[in-house]
Amino acid sequence: MKYRMIGLTRRNLAGIALASCLVAPRASFARPGLIALDGFDAVSYFLDPEGQPVPGKPAFEWDWKGRTWRFSRPGNLAAFRDAPSAYAPRLSGYDPIGVLDGRIVDTDPQIFAILAGPAGEGLYLFRNREHRSRVVASPAIVAAAEEKWPALRKLTEDGAPP
């Protein structure tokens, strides 16, 4: 078997760079340019608050605040595009218990609750089921976490509002 050496010219490097962009995988929630909510449809949380979120599809994507949001159908994409703050997780998707403790704590997008907060009803994500149970049992935690959030938001990578 013979091998042929390919000279590294600008043209070859450009082709290699383009090919790597086309096959590069996307990751989940924490940094700009990545898939929000591990690819779950943000609107689906509100359609069945006691059920599980529905996975979004690459065919229905929209970029908002440095993240790619996926939706299960065009109607959900349109609803999010019209009012993204109504559907995006509050506290930028961080755990309210962590925020209350003054910490940024990652969450599991499959552990959630739709709760009334100071800004109205919103999606809250939690690190684990224990944190979810604590917050559901004591809704005042949401209000206290929302009050602390503006100071902690500055510590996140994007510093984006909820």
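The values are calculated or read from the model by the stated rules, or taken from the named source; none is laboratory data. Keep in mind the model is a prediction, meaning the values are calculated, not measured. Don't worry about glycine lacking a Cβ; one is built from the backbone with ideal geometry, like all the others, and counts go over all protein chains shown. Heavy atoms of the whole protein, side chains included, go into the accessibility calculation; ligands, DNA and RNA do not. Shrake-Rupley method; radii C 1.70, N 1.55, O 1.52, S 1.80 Å.
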For this session: Within segment 57-71, work out how many residues are open to solvent by less than 70 Å² (accessible area, probe 1.4 Å) and over 15 Å from the mean Cα position of the chain (by Cα).
Result: 1
Exercise. Can you find a residue in segment 40-50 that is hydrophobic (A, V, I, L, M, F, W, C), touching a helix residue (DSSP H, G or I) at 6+ places or on another chain (Cβ under 8 Å) and closer than 16 Å to residue 107 by Cα?
Worked result: yes
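Counting just the residues of segment 120-153 that are in a loop (DSSP other than H, G, I, E, B) and among the polar types (S, T, N, Q), which one comes out farthest from residue 54 (Cα to Cα)? Outline the logic, then answer.
So in segment 120-153, the residues in a loop (DSSP other than H, G, I, E, B) come out as 127-128, 138-139.
Now drop any that are not among the polar types (S, T, N, Q), which leaves 128, 138.
Working: 128: 19, 138: 27 Å.
It comes out as 138.
Taking segment 121-131 as the region of interest, how many residues are open to solvent by less than 70 Å² (accessible area, probe 1.4 Å) and free of Cβ contacts under 8 Å to residues at least 24 places away in the same chain?
Of the residues in segment 121-131, 1 are open to solvent by less than 70 Å² (accessible area, probe 1.4 Å) and free of Cβ contacts under 8 Å to residues at least 24 places away in the same chain.
Looking only at segment 63-119, how many residues end up being in a helix (DSSP H, G or I), charged (D, E, K, R) and in contact (Cβ under 8 Å) with a residue 60 or more places away in the chain?
Taking segment 63-119 and keeping what is in a helix (DSSP H, G or I), we get 74-82, 84-87, 90-93, 96-100.
Applying the additional criterion that residues be charged (D, E, K, R) yields 81-82, 90.
Filter once more, keeping what is in contact (Cβ under 8 Å) with a residue 60 or more places away in the chain: 90.
Matching residues across segment 63-119 total 1.
Return yes or no: is residue 153 over 15 Å from residue 36 (Cβ atoms), open to solvent by 50 Å² or more (accessible area, probe 1.4 Å) and among the basic types (Lys, Arg)?
Values: over 15 Å from residue 36 (Cβ atoms): yes; open to solvent by 50 Å² or more (accessible area, probe 1.4 Å): yes; among the basic types (Lys, Arg): yes.
Answer is yes for this residue.
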Exercise. Only one residue in 79, 86, 160 is over 15 Å from the mean Cα position of the chain (by Cα) and either at pLDDT 95 or above or under 19 Å from residue 34 (Cα atoms) (or both). Which one?
Worked result: 79
For this session: Check segment 30-42 and report whether any residue there is under 19 Å from residue 74 (Cβ atoms), open to solvent by 90 Å² or more (accessible area, probe 1.4 Å) and modelled with pLDDT of 50 or more.
Result: no
